[in-house]
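Worksheet: one structure, shown below.
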Amino acid sequence: MTTIAAVPFLYNFDVAATALVIIDMQRDFVEPGGFGETLGNDVSLLQAIVPACQAVLAAWREAGGLVVHTREAHTPNLSNCPPAKRNRGAPTLRIGDVGPMGRILVAGEPGNQIIPELAPAAGEIVLDKPGKGAFYATPLHEQLQANGITHLLFMGVTTEVCVQTSMREANDRGYDCLLLEDCTESYFPQFKAAAVEMMRAQGAIVGWTATSAQLLAALE
Ligand code: TIU
């Protein structure tokens, strides 16, 4: 059993029963020309977490833990993209339109690839999800159950959208979730701060938070 002095209290986990879940570290959100930028955001903010994510991923692989990578992705015919999602807001390019990195948020396009710094390795789970949450319309719960997973460590983007939605879905399915604070980012720093606070409030109502340094030290 491994223990982290997390917030709001100790987080105990067994590496063999824990998965590292990396949410949507794909070019669409982190690089110019993708979905994040078409929504009007400054994507450079998100690039700051890449080194910390790389360090955690390397240590987790070394420890032999299960890794799950997700991508927010729609099928090329957009059959799993509700019109309500495609029509929302006033983006310069909509989901399915052709942008500088290929069709926006469509599976298989250059922009939909996970950034090279965090590229999936053989044997790791790579999951395309049509929603903000990683459990909606995906086999993730069954895959985790098949691997005996009870605890989830979260990293990725963006904190208050896909990370928070996925963590809440996981919490409702009975997983003990921990968010690595310096391995997640938002286009809106105040939203990240609020999301981190609300998840660990009320006695870890959604889950725990800790830093990557705490996890790395615990794994040594
Ligand atoms: N817009 C935004 O902040 N996020 C998303 O649309 N998707 C994810 O968070 N991955």
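Please treat every number below as a calculation from the coordinates, not as lab data. Only a predicted model underlies this, so the values are computations on that prediction, with no experimental measurement involved. Reconstructed Cβ throughout: ideal geometry from the backbone, glycine too, with neighbour counts over all protein chains shown.
Taking helices (runs of 4 or more DSSP H) that fall entirely within the stretch 1-89, which contain at least 1 residues that are of a type in the set (K, R) and away from the ligand (no atom under 15 Å from the Cβ)?
Correct list: 50-63.
Which residues, taken from the stretch 48-78, are surrounded by 15 or more Cβ atoms within 10 Å (Cβ to Cβ), free of Cβ contacts under 8 Å to residues at least 60 places away in the same chain and of a type in the set (V, I, T)?
Scanning the stretch 48-78 gives a single hit, V67.
Suppose the filter is touching a helix residue (DSSP H, G or I) at 6+ places or on another chain (Cβ under 6 Å) and farther than 21 Å from V43 by Cα; does T150 pass it? Before you say what the answer is, go through the steps one by one.
Values: touching a helix residue (DSSP H, G or I) at 6+ places or on another chain (Cβ under 6 Å): yes; farther than 21 Å from V43 by Cα: yes.
Answer is yes for this residue.
Can you tell me how many residues within the stretch 21-47 are farther than 20 Å from A73 by Cα and touching a residue at least 40 places away in the same chain (Cβ under 8 Å)?
Selection size over the stretch 21-47: 2.
Name the single residue, out of those in the stretch 148-192 being among the polar types (S, T, N, Q) and farther than 11 Å from I23 by Cβ, that is farthest from the ligand (Cβ to nearest atom).
If we filter the stretch 148-192 for residues that are among the polar types (S, T, N, Q), which is where we start, we get 150, 158-159, 164-166, 171, 184, 186, 190.
Still in the running and farther than 11 Å from I23 by Cβ: 150, 171, 186, 190.
Numbers: T150: 25, N171: 17, S186: 7, Q190: 13 Å.
Top of the filtered list is T150.
For every residue, the table says whether it meets (1) surrounded by fewer than 24 Cβ atoms within 10 Å (Cβ to Cβ); (2) within 19 Å of A63 (Cα to Cα); (3) in contact (Cβ under 8 Å) with a residue 12 or more places away in the chain.
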position	(1), (2), (3)
E142	yes, no, no
L152	no, yes, yes
E160	yes, no, yes
V163	no, no, yes
R168	yes, no, yes
R200	yes, no, yes
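Only one of these conditions is not met by I104: (1) within 16 Å of the ligand (Cβ to nearest atom); (2) within 25 Å of A170 (Cβ to Cβ); (3) surrounded by 14 or more Cβ atoms within 10 Å (Cβ to Cβ). Which number is it?
(2)
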